[in-house]
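Every number in this text was worked out from the coordinates using simple rules, so none of it is lab data. Quick caveat, the model's predicted, so the values are computed rather than measured. Here the Cβ is made from the backbone with ideal geometry for all residues, glycine too, and neighbour counts use every protein chain on show.
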Amino acid sequence: MLHQLRTHPEFVEDCFGCKAATVHLANGQIRAWAHANDKELDSYATARKQGIQPRSTKAKDINAAVKLSDKAGYAVKAR
Ligand SMILES: [Zn+2]
């Protein structure tokens, strides 16, 4: 699992991250969060490739920058 990959390879009984990851619901939430995060970074990279500079890597800011660029007809760079 992600926590163990990032923090330590084996299950540690007293570790909060390990315990949280073994709870099914928490595990699903972490996976959903990681997935959303990947998506945001993907759209950020796509926007940057088009010359657009979003204010941040958040989907909200990326979408705003892409929409603004579509309207303006050129790649908008956030200051
Ligand atoms: Zn742990």
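Highest mean first, how do 43-54, 2-13 rank when packing is the count of other Cβ atoms within 10 Å averaged over residues?
Details: 43-54: 15.5, 2-13: 10.9.
Descending packing order for the listed peptides: 43-54, 2-13.
Distance between the 7 Å Cα→Cβ label points at LEU41 and LYS71: 3.0 nm.
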